[in-house]
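Undergrad: Encoded as structure tokens, here's the structure I'll be asking about.
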Amino acid sequence: MIAFLTNRAWRQLLPHLSLVTAIRERGEEVMVLCPEQIVVDVRDGQTRFRTTVGKPFAPHLVFHRLSPKEEAAIQLLEAGGVRAVNSVRAWRVCSNKVLQALVFAQTGIPHPPTLFALGGNYNLPVASPLPGEQLVLKPAHGRRGFGVRFLHGPVDVCRFLEASGSGVLSPYGPLLVQKFIDHPARPRHHVRCHVVGGKAVSAGRLFARPGRLVTNHAQGGQWQAYDRIPPAIADLAVAAAGTVGVDYAGVDLIADAEERWWVLECNNMPDLRKPMMLRLADYLVAQARQVREGCTPQGEPR
């Protein structure tokens, strides 16, 4: 049995309903729950879960679509021995662009030079290693392109922070600075590659609206799917997803003027577009069956 954990606001979203239907069509039971409907029962050296109406809750796997503020539910289920997709560790890395930058640097994934000041946003321009560069100022924990600003050099960063009154925290939280990666093609665009179970299953380009640099779909970016994923994109996206440890992800990449590919970020909760959603349903069912049969997620006997 697969538990689909989401919040009340998101449980009726069409992509979520479609994924539940696809799982059931593959012969697997799925229970849709909100975190507040789960009870943790720890006694006599054992951990059990049940619902608030007293029904036993013992999923083979939990798939979740939650906000970072709701992490505790997944953390408790994992600690109780339930396989989570994605894991808490992967979720934390993907929710923090600074952690991603560190992980990418340690594993050789090409990623824009990044600067983050633990002491607060006003410290960002100080000792910046990127003088004179075109820069991107973005929230460390941001999503969907909100709060992104394009600036030129540390002086502009300082002026923007002073003018906005950001102080230690902006409206979007702590900020980081990255080198701006651009390409001559217009309109500006980046690539989103969907990875499921270590395989690139679909991809496309997101084009910025005329006169804009932000390419995110939530900011008006226009999606154009690839008929066939270019091998260089697929290989780099799979490597990036594997580095942060996600089961499924939307990996954002961009090519520079020399046609070198850079990984912008690994999104652990991408839009569930149909090709990816169907492959994700296959993957979740296969993983639940492996757990039920007493195997590890890699298919090895316990």
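Just so you know, all these numbers are worked out from the coordinates, no wet-lab data involved. Just so it is clear, the model here is predicted, and its values are computed rather than measured. Methodologically, a virtual Cβ is constructed for each residue, glycine included, from the backbone with ideal geometry; neighbour enumeration extends over all protein chains shown.
Undergrad: What are the aspartates and glutamates whose alpha-carbon lies under 20 Å from the alpha-carbon of residue 138, with same-chain residues fewer than 8 places away excluded?
TA: Straight-distance partners of residue 138: 156, 162, 182, 252, 256, 265.
Undergrad: Something else now. Treating cross-link reach as a plain straight distance, find the aspartates and glutamates whose alpha-carbon is under 18 Å from the alpha-carbon of residue 55, omitting any fewer than eight places away in the same chain.
TA: Cα-Cα hits under 18 Å: 29, 36, 41.
Undergrad: Separate question: Quickly work out the residue 55-to-residue 259 label distance, labels modelled 7 Å from Cα along the C-beta direction, and quote it in nm with one decimal.
TA: The modelled label-to-label distance comes out at 5.5 nm.
Undergrad: Name the long-range amide H neighbours of residue 64: under 5 Å, sequence gap of 5 or more, or other chain; modelled H, no Pro or chain starts.
TA: HN-HN under 5 Å from residue 64: 5, 85, 86.
Undergrad: Among DSSP beta bridges lying fully in region 1-130, give the percent that are antiparallel, nearest 5.
TA: Values: 7 of 19 bridges.
So the antiparallel bridges in region 1-130 amount to around 35 percent.
Undergrad: Counting other Cβ atoms within 10 Å of each Cβ, which GluC sites (Glu not before Pro) in region 1-48 have at most 14 and sit in a DSSP loop?
TA: On the way: sites: 25, 28, 29, 36; in loops: 28, 29.
Listed in order of number, the matching sites are 29.
Undergrad: What lysines could a cross-link reach from residue 69, if we take a straight Cα to Cα line under 17 Å and drop same-chain neighbours fewer than 8 places away?
TA: Here the lysines satisfying the reach criterion relative to residue 69 are 97.
Undergrad: Would you calculate the separation in nanometres between label points at residue 41 and residue 12, each defined as 7 Å from the Cα along the Cα-to-beta-carbon direction?
TA: 3.1 nm
Undergrad: Please give me the summed charge of the neighbours of residue 48: other residues whose Cβ is under 14 Å from its Cβ, Lys and Arg +1, Asp and Glu -1. Let's see the in-between values first.
TA: Numbers: positive: 43, 50, 55; negative: 41, 44.
Around residue 48, the surrounding residues sum to +1.
Undergrad: Under a 5 Å amide H to amide H cut-off, with H placed in plane at 1.01 Å, what residues pair with residue 31 once short-range neighbours are removed?
TA: Long-range HN contacts for residue 31: 2, 3, 4.
Undergrad: Ok, one more. How big is the Rg/Rh ratio for region 1-124, C-alpha atoms only, Rh by Kirkwood, two decimals?
TA: Details: Rg = 18.0 Å, Rh = 16.8 Å.
Rg/Rh for region 1-124 comes to 1.08.
Undergrad: Further, regarding this structure: Arrange the peptides 262-274, 62-74 so that the one whose residues have, on average, the most other Cβ atoms within 10 Å appears first.
TA: Working: 262-274: 19.7, 62-74: 17.7.
The packing order, highest mean first, is 262-274, 62-74.
Undergrad: How far, in nm, would the chain grow between residue 78 and residue 48 when pulled straight, counting 0.36 nm per residue and subtracting the alpha carbon separation?
TA: Details: separation 30, 0.36 × 30 = 10.80 nm, distance 1.21 nm.
Full extension from residue 78 to residue 48 adds 9.6 nm.
Undergrad: Please compute the Kirkwood hydrodynamic radius of region 184-267 from all pairs of different C-alpha atoms, in Å with one decimal. Present the calculation step by step, with values, prior to reporting the outcome.
TA: On the way: mean 1/r = 0.0779 Å⁻¹.
So the Kirkwood estimate lands at 12.8 Å.
Undergrad: Multiply the residue separation of residue 25 and residue 225 by 0.36 nm, subtract the distance between their alpha-carbon atoms, and state the gained length in nm to one decimal. List each step's numbers first, then the result.
TA: On the way: separation 200, 0.36 × 200 = 72.00 nm, distance 2.60 nm.
Value of the extension gain: 69.4 nm.
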